[in-house]
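Undergrad: Here it is, the structure, as structure tokens.
Read the figures in this text as sums done on the coordinates, not as results from a lab. All figures in this text were calculated on a predicted structure; none of them were measured in a lab.
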Amino acid sequence: MVEQWLASVEQAMYDAVKHHLKLGLSDIKTTDYSNWILQHPGQVVLTISQVLY
């Protein structure tokens, strides 16, 4: 029971990060970098910045 709940929480976390990464990646193409950094969560900014470096 607890294992199923924890697995669903973990899946929800993956889905949330994936969703925000997609938003951040689409916004970086059209937004000034300084504004883009302030508009997205730190994990998204760090991940996308490292991938595009």
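Undergrad: For the chain, what does -39500 (n - 2.57) per DSSP helix run (n ≥ 4), summed and divided by total residues, give at 222 nm, in deg cm²/dmol to the nearest 500?
TA: Details: 3 runs with 45 residues, N = 53.
Dividing the helical sum by the residues of the chain leaves -28000 deg cm²/dmol.
Undergrad: Over all pairs of distinct alpha carbons, what does the Kirkwood formula give as the hydrodynamic radius of the chain, in Å?
TA: On the way: mean 1/r = 0.0822 Å⁻¹.
Roughly 12.2 Å, rounded to one decimal.
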